[in-house]
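Nothing in this text is a laboratory measurement; each read-out follows from the coordinates by a stated rule. Because the structure is a prediction, the values reported are computed rather than measured. Neighbour counts run over all protein chains shown; Cβ positions are idealised from the backbone, glycine included.
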Amino acid sequence: MSAVAIAIAGATISVFLGGAGSAVGVGLAGLSGAGVISEKPELFGKVLLIQALPGTQGIYGFLGGLLVIFKLGLFSGEVAAISMETGWLLFFACLPVAITGLVSGIYQGKVAAAGLHAVAKDQANVGKAVIMAAMVETYAVIGLLITLLLWAFIEV
Amino acid sequence: MAVLAMEKVQILGMKTDLEKILTLLQKRGVMQVEEISEGAEFELENIEKEDHDIDFIVANTDFAIKLLTPYALKRPIWAGKPTLTSESAIGTVKGGFDYRAIIKECQSAEEKHNADQNNLAALETEEKLLQNWGKLNFALDTVKDTAHARIHLGEVPTLEYDALKAALKELGELTSINKVHEEGSHTYAVVAISKEYEDESKQLLSKMKFQEIELPELAMTVPERLKEITTQKQDLEQEITKNKEEFTRLGKHLENLQIVHDVFAWQQEEQRVREKLKGTTYSFVVTGWIAKLDLKKIQKELNEKYPSTAIQEIKPEEGEDPPILLHNKRTSWPFESVTRLYGFPLANEVDPTPFLATFFIVFFALCLTDAGYGLMLFVIMFLMLRFFNLPKESTGLIRLLMWGGVLTMVAGYFFGGYFGLTVEQAPAFMIKDGAFKGQILNPAAGSGPLIFLVLALVLGIVQVLIGKAIDGWWKIKQKQYLDAVFDSFLWIYFLLAIIGFGLASSGALIPVEYAGLFKWLTLGGVAAMILTQGRKQKSIPAKFGIGVLSLYGLVGYLGDILSYSRIMALGLGTGIIAFAMNIIAALAYDLIPYVGIVVAIIVLILGHTMNLVLSALGAFIHSARLQFVEFFSKFMEGGGIGFKPFKRTCKYINIT
């Protein structure tokens, strides 16, 4: 396998795992949300806000993929000639955002779904439900942080 | 500026003034009325005026409003709710608007509409049923069992039909089956069987999945009935159109109905308050909470207008906590919406709003760090404030986002963020010496990310220390001097000493020769912590044990400060996604012939809008979280219950 292929494997894993985490999370929250709006359709805006929360992991994963693509110069058409080591470095740099994105996306979805039950009872709970879901997201942000730092310091 | 001090008061007055006093209190909206507890010195009776008419009108105007809203002229989104003074609202109710007649018209129109729709649905069901039997050329009420034969109408799976036919023939001569209609996998048939083989035939039919269908007993043939149904349906549809026209006509009264609803809802609220009152034959008493700030004014007004009224301060009952009302200056008022997200502080705690305001908005701006996005946010929120009719309470968040936009522009200016453009892509007038004008840091290149990270952590250290300082200041105000010194200021000293030691030993900012000094300062801090943190324990070993354990609290502070690194991750993320949107748009422009420019513009608009919405949401949530989890925990507990004054609460209109 070429060095570029290894780096691209990192990019795809990042997009794939982050997106998978968000898909499951947004899906879980969406199931609860549909239940809430069947009873109280006027809460749609608030439900949508909470349902969207586990979607950030997908964006972070997408961002991780983009970083590798930029580094390799794929957009400019001149693919950088990188060593095997750099390929692996880029691959490993993708892992934090990928894996934290997968796991936190799923759990954030569960918390968001539970938060929607609280909102169904009293819509004043929206802020608290949002913050509780955001507590889970912290770890995806930290994963993104390390991926960003590693990416910034890998020389191509 | 703070959590307002509350007084529990008692208003005594003559029953003849009761109506007017309640109206005045509700108009001013400064008092939260409380139930009067049992055990007063003298016997008091309840004061209630049974008036179910009010409940009736509120419920029915609500019904009429919900019914008519889809048919009424839509108010443009910026117009908001009907806005008027409370006097003109009351005038509408007392004036010529005959809401009772309108309600009645709505009720009968809705009843008719429902009946018509039910009839239409019933006809449609019947039509669907009969459509399969159109070939029966006899009146349906003639289909009856005879003395010797039983007749079944029903459906059988098409695949089973031939088998059923054969099986019936096998059963005996006195059977017949006639196919009436075949549609897909269903075949509709009439089966006639001699009563001789009744039991066997029943088994056979159910084995062959023959399902009996009951048809209405009509004195006409199926095609005749179907024709009749078509005309009846047309009539009903016309009726339904007329009903909708009627709704549209009634919809012109929607605004007046909304006013009536709210005015009567105020009266309903007054009824609820009456239930909490007590009195004697001629007098009444009402108790509740009033902010100290408002007390003088309402006292004066009451005494002037109703001289036989007394308003006096009373002691709250044991375990009764005053409700919380926050009061902030114009500049920090919008940030109350952040505090409210968390909940209210307790009555003896400090209002965090003015303290979190600066941090919140700076964090928010750094999480976006793009002058272009800041400008968009500012313009959108400014236009909403300027041109939308919004009730004042809901403008807080919009104002906050507007100022957030301004700060984001500043952050974008210093960090060189303009819709994710790179220096090479940007127009020449923005560039000077290979960087954006005014740019002091490129967060995505070289040592930029590290500097940004350090900046985030420094902000974290500052906020945590200020949180501790607020804690100490508040404890001094509460005269808990010892706690202030040992639990707040000692920690601040200790944290500063450790940071100083770290900086000095690495030679960053503080020269290395001071490392020794800071080492001793830190060790002194450790000793002081061990000696003081267990001071509330009884036994000597426990004092030292807790003292040593308190050093573990450092891990908590380390975690708190590292948590601020999210600011850098979010700030960088926004810029890189914006950059990616530009790249994708450029690719579309290059690769797609002819319409490439159109696709590129669509990508730019959609992509940047999506990025702005998601990033601003993330920036808001994570900035708020840093306040709630990392900052508030240093000086407040929260859990206060909000002040709910007796006032003119509106659902459908705005009162100016």
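Across the options B:ILE602, B:ALA149, B:VAL222, the greatest Cα extent toward the positive end of the charge dipole of the protein assembly as shown (unit charges at beta carbon of Lys, Arg, Asp, Glu) belongs to B:ILE602. Taking other C-beta atoms within 10 angstrom as a stand-in for reagent exposure, B:MET381, B:MET220 fall in the order B:MET220, B:MET381, fewest first. Near the amide H of B:VAL180, within less than 5 Å, lie the amide hydrogens of B:TYR188, B:ALA189, B:VAL190, all on another chain or at least 5 residues away, with H placed in the peptide plane. Around the amide H of B:GLY288, modelled in the peptide plane, lie the amide H atoms of B:VAL9, B:GLU34, all under 5 Å away and 5 or more residues distant in sequence or on another chain. Adding -39500 (n - 2.57) for every DSSP H run of four residues or longer, then dividing by how many residues the protein assembly as shown holds, sets the calculated 222 nm ellipticity at -21000 deg cm²/dmol.
Within chain B, the longest run free of chymotrypsin sites (Phe, Trp or Tyr not before Pro) that sit in a DSSP loop with at most 15 other Cβ atoms within 10 Å is B:389-551. Here chain B is treated with +1 on each Lys and Arg Cβ and -1 on each Asp and Glu Cβ, and its dipole about the Cα centre works out to around 3420 debye.
As a length-normalised measure over Cα pairs under 8 Å and 6 or more apart, the relative contact order of region B:333-634 settles at 22 percent. Look at the dipole of region B:333-634 built from charges on Cβ: of B:LEU457, B:PHE388, B:PHE436, the Cα furthest out on the positive end belongs to B:LEU457. Only Lys, Arg, Asp and Glu carry charge here, each on its Cβ (+1 for the first two, -1 for the last two); on that basis region B:333-634 has a dipole of about 900 debye about its Cα centre. Taking a straight line from the alpha carbon of B:LYS227, these lysines sit under 21 Å away, with near neighbours fewer than eight places off in the same chain left out: B:LYS128, B:LYS135.
DSSP assigns beta bridges within the protein assembly as shown; of those with both partners inside it, close to 95 percent run antiparallel. Counting lysine pairs in chain A whose alpha carbons fall under 22 angstrom apart, excluding pairs fewer than 8 residues apart on the same chain, gives 8.
Of the GluC sites (Glu not before Pro) in region B:124-191, the ones in a loop by DSSP (not H, G, I, E or B) with at most 16 other beta carbons within 10 Å are B:GLU173. Projecting the Cα atoms of A:ASN125, A:GLY64, A:PHE16 onto the dipole axis of chain A, where Lys and Arg carry +1 and Asp and Glu carry -1 at the beta carbon, places A:ASN125 farthest toward the positive end. In order along region B:86-99, the Karplus-derived 3J(HN,Hα) couplings, from 6.51 cos²θ - 1.76 cosθ + 1.60 at θ = phi - 60°, round to 5, 5, 6, 5, 5, x, 4, 5, 7, x, x, 6, 8, 5 Hz, and Gly and Pro are given as x. Of all DSSP bridge pairs formed entirely within region B:144-214, close to 100 percent run antiparallel.
Cross-link check: pairs B:LYS27/B:LYS276; B:LYS104/B:LYS242; B:LYS392/B:LYS644; B:LYS315/B:LYS536 evaluated at a Cα-Cα cut-off of 22 Å; pairs beyond the cut-off: B:LYS315/B:LYS536.
Pairs of Cα atoms nearer than 8 Å and 6+ residues apart set the relative contact order; for region B:308-399 it is 29 percent.
Sparse packing (at most 11 other Cβ atoms within 10 Å of the Cβ) combined with a DSSP loop state is found for the following GluC sites (Glu not before Pro) in region B:201-250: B:GLU214, B:GLU217.
Extending 7 Å from Cα along the Cβ direction at B:ALA5 and again at A:ILE37 yields two label points whose distance is 5.0 nm. Computed from backbone phi with θ = phi - 60° and the Karplus coefficients 6.51, -1.76 and 1.60, the 3J(HN,Hα) list for region B:608-625 is 6, 4, 4, 4, 5, 4, 5, 5, 5, 4, x, 4, 5, 4, 6, 5, 5, 4 Hz; x is used for glycine and proline. Within chain B, the longest run free of exposed loop sites, counting trypsin sites (Lys or Arg not before Pro) that sit outside DSSP helix and strand states (H, G, I, E, B) and have at most 15 other Cβ atoms within 10 Å, spans B:539-650. In this structure the amide hydrogen of B:SER565, modeled in the peptide plane, comes within under 5 Å of no amide hydrogen from residues 5 or more places off or on another chain. Across region B:223-236, computed HN-Hα scalar couplings (Karplus, 6.51 cos²θ - 1.76 cosθ + 1.60, θ = phi - 60°) run x, 4, 5, 4, 4, 4, 4, 4, 5, 4, 5, 4, 4, 5 Hz from first to last residue, x flagging Gly and Pro. Close Lys pairs in region B:144-214, defined as Cα atoms under 16 Å apart and 8 or more places apart or on different chains, number 10. For chain B, DSSP calls about 95 percent of its internal beta bridges antiparallel.
Using Cβ point charges alone (K and R +1, D and E -1), the dipole size of the protein assembly as shown about the Cα centre works out to roughly 3260 debye.
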